[in-house]
Amino acid sequence: MNPDLHWSQTSSRLLNDCPRAWVKTYATKLMTGATAPGGQRIGMQRRPTMDDAMVSAMRLTWTDFLEDHFVGTVWTAPFREQRLKRRLCDVMEASNLKATSPKFAIQLQRGVHQLETLEQSMGLRPVMQSPATRWAYFERLDGIDINGVRMFTAPDLAYYHQQRWTLVRLQFRSPSQQSMAQQIEHLLMVRWAMAQPGFPNEASAYRVKVIRWHRRRWMEHHLEVNGRLLAQADGLVQHDLQEMKWLLRCWQSDPSLKTIPLAKEAKTCDGCTYRDLCPAGKGLKQAKKVQERELLDVLQSKETKSLRTA
Ligand code: SF4
C-alpha cells in the first residue's frame with residue numbers, strides 16, 4: 001500500500017530531530033490512511049507544557065480576532081483578555097495542565113501583551129489600519145495537493161499591498177537565529193498560494209514576511225522570493241519525502257524499530273512522550289552505541305551467511 005504522505009513543518013521538524021519519534025507518530029496512520037482531519041498533526045510527541053498551552057491559546061484567540069476583524073467587529077481590551085483566558089483554560093483542561101493562580105495570572109498578562117503588540121506590528125498595518133486592503137487568513141490545516149503530495153504550508157495571513165501579495169508567517173515562539181532550512185520552509189507558502197484558485201501563479205507576484213516573537217518582542221523580516229530559492233524549497237520537500245519513504249520501508253521490514261535512527265540531540269528526548277519505551281530513555285549516547293553495535297552484528301551475520309552459501 002502506498003503511504004498517504006504529506007508535508008508540514010511539524011512533520012518535517014520531527015523527522016529531522018528524531019526519525020524514531022517520527023515513525024512512532026506517523027507510520028501506522030500513514031500506512032493505514034487514518035490521518036486526522038487535515039492530516040497535519042496526528043500525534044503529540046512531546047508532553048505539553050504551560051508555554052505550549054499559552055501558544056495554542058494565543059493562536060486560537062488570534063484566529064477568533066481575525067474572524068471578527070474580517071467582518072468589522074472591534075475588540076475591546078477586556079474582551080481580548082476574557083477571550084484569551086477562556087481559550088487558555090480550555091487548552092489547559094484538554095492537556096490536563098494545572099497552574100497556581102499567580103502563575104496563571106502572569107502567563108495571561110504576557111499573552112494579552114503579546115496579542116496586543118501583534119495587532120500593532122508594522123507588517124500587519126495594511127490589514128489592521130486600512131479597511132480597503134484585500135486580505136485573507138488561513139488555518140495551518142488548509143492543505144493543498146501539489147505534485148501528488150498534500151502540503152500544509154498555508155500562510156497565516158495574505159494581503160494585497162503595493163501591487164503584490166504579501167504572505168505572512170507568524171511565529172508565536174522562535175529561536176534567536178533562523179536556520180537556512182527554516183527560511184526556505186517559509187517560501188513554501190508561495191508554492192501553496194500559487195496552487196490556490198484566486199491567487200496568481202507567478203512567484204514574482206508575492207512577498208514573504210515573517211513576524212516572530214523573540215525575547216518578548218515581535219521581530220519582522222522579509223524573505224527574497226525567486227526561482228532559485230523556490231527550487232531549493234521544493235528540494236527540501238523532496239528530500240524529506242524520500243526520507244519518510246525510507247523510514248516507512250525500514251519500519252515495515254522490522255517493526256521493532258531497532259533499525260530506525262534515534263534523535264540527533266539529547267535535548268529532543270526531554271519531555272518526549274515515547275521516552276519510557278525508548279532505548280534512549282536512559283541516555284541517548286549509550287543507546288546510539290548499542291544500536292550501532294546491533295546493526296553491525298546484523299550486517300556481519302548476513303555477510304557470513306552469504307559467504308557460506310556462495
Ligand atoms: S526518547 Fe529521544 S530517541 Fe527516543 S523517540 Fe523520543 S526523541 Fe527519539
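The values are calculated or read from the model by the stated rules, or taken from the named source; none is laboratory data. In this text, all values refer to a predicted model and were calculated from it rather than measured experimentally. Glycine also receives a Cβ, built like all others from the backbone with ideal geometry; neighbour counts cover every protein chain displayed.
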Going by what's in this entry, would SER176 be described as more than 16 Å from the ligand (Cβ to nearest atom), loosely packed, with under 14 Cβ neighbours inside 10 Å and at pLDDT below 90? yes
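Could you check, for the range 215-224, whether at least one of its residues is near the ligand (Cβ under 10 Å from one of its atoms) and more than 27 Å from LEU188 (Cβ to Cβ)? Before the answer, list the steps.
Quick first cut of the range 215-224, residues near the ligand (Cβ under 10 Å from one of its atoms) only: none.
No - not one qualifying residue is present in the range 215-224.
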May I ask you to verify whether PRO155 is in a loop (DSSP other than H, G, I, E, B), at pLDDT 95 or above and either under 24 Å from the mean Cα position of the chain (by Cα) or not aromatic (Phe, Trp, Tyr) (or both)? yes
All but one of (1) out of contact with any Ser or Thr (no Cβ under 9 Å at 6 or more places or on another chain); (2) within 26 Å of ARG110 (Cβ to Cβ); (3) at pLDDT below 95 hold for VAL168, so report the exception by its number. (3)
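Please tell me if LEU248 is modelled with pLDDT of 95 or more and either part of a helix (DSSP H, G or I) or within 16 Å of the ligand (Cβ to nearest atom) (or both). Lay out the reasoning, then the answer.
On the way: modelled with pLDDT of 95 or more: no; either part of a helix (DSSP H, G or I) or within 16 Å of the ligand (Cβ to nearest atom) (or both): yes.
Against the criterion (modelled with pLDDT of 95 or more and either part of a helix (DSSP H, G or I) or within 16 Å of the ligand (Cβ to nearest atom) (or both)), LEU248 does not qualify.
From the list ILE106, ILE146, exactly one residue is β-branched (Val, Ile, Thr) and at pLDDT below 95. Which is it?
Details: ILE106 fails: at pLDDT below 95.
Going through ILE106, ILE146 in turn, just one is β-branched (Val, Ile, Thr) and at pLDDT below 95: ILE146.
Looking at the range 134-152, is at least one residue in a loop (DSSP other than H, G, I, E, B) and of a type in the set (Asp, Glu)? Lay out the reasoning, then the answer.
Looking only at the range 134-152, we keep the residues that are in a loop (DSSP other than H, G, I, E, B), and these are 134, 138-143, 147-148.
Now narrow it down to the ones that are of a type in the set (Asp, Glu): 139, 142.
Yes; the residues of the range 134-152 include at least one that is in a loop (DSSP other than H, G, I, E, B) and of a type in the set (Asp, Glu).
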Where residues in the range 45-58 are surrounded by 18 or more Cβ atoms within 10 Å (Cβ to Cβ) and in contact (Cβ under 8 Å) with a residue 60 or more places away in the chain, which of them is nearest to ARG20 (Cα to Cα)? GLN45
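Can you give me the number of residues within the range 122-135 that are surrounded by 17 or more Cβ atoms within 10 Å (Cβ to Cβ) and of a type outside the set (Phe, Trp, Tyr)? Explain how you work it out, then say what you get.
Pass one, the range 122-135, residues surrounded by 17 or more Cβ atoms within 10 Å (Cβ to Cβ): 123-124, 126-127, 135.
Pick out the ones that are also of a type outside the set (Phe, Trp, Tyr) and you get 123-124, 126-127.
The qualifying residues number 4.
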Which numbered condition ASP234 fails, given (1) in contact (Cβ under 8 Å) with a residue 40 or more places away in the chain; (2) within 16 Å of the ligand (Cβ to nearest atom): (2)
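Does the range 59-93 hold any residues that are outside any helix (DSSP H, G or I) and exposed (fewer than 15 other Cβ atoms within 10 Å of the Cβ), and which are they?
Of the residues in the range 59-93, the ones outside any helix (DSSP H, G or I) are 71-76.
Correct list: VAL71, GLY72, THR73, VAL74, THR76.
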Checked against (1) in contact (Cβ under 8 Å) with a residue 12 or more places away in the chain; (2) more than 18 Å from the chain's Cα centre (by Cα), GLN129 satisfies every condition except (1)
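For TRP192, state whether it is surrounded by 16 or more Cβ atoms within 10 Å (Cβ to Cβ) and assigned to a helix (DSSP H, G or I). Lay out the reasoning, then the answer.
On the way: surrounded by 16 or more Cβ atoms within 10 Å (Cβ to Cβ): yes; assigned to a helix (DSSP H, G or I): yes.
When the stated conditions are applied, TRP192 passes them.
Which of the following residues is over 30 Å from LEU188 (Cβ atoms), in a helix (DSSP H, G or I), more than 10 Å from the ligand (Cβ to nearest atom) and touching a residue at least 12 places away in the same chain (Cβ under 8 Å): LYS285, LYS289? Spell out the reasoning first.
On the way: LYS289 fails: touching a residue at least 12 places away in the same chain (Cβ under 8 Å).
None of the others qualify; the one that does is LYS285.
Under the condition of being in contact (Cβ under 8 Å) with a residue 40 or more places away in the chain and in a helix (DSSP H, G or I), which residue from the range 251-268 is nearest to the ligand (Cβ to nearest atom)? Outline the logic, then answer.
Quick first cut of the range 251-268, residues in contact (Cβ under 8 Å) with a residue 40 or more places away in the chain only: 251-252, 257, 260-265, 268.
Still in the list and also in a helix (DSSP H, G or I): 251-252, 268.
On the way: TRP251: 13, GLN252: 18, THR268: 4 Å.
The selected residue is THR268.
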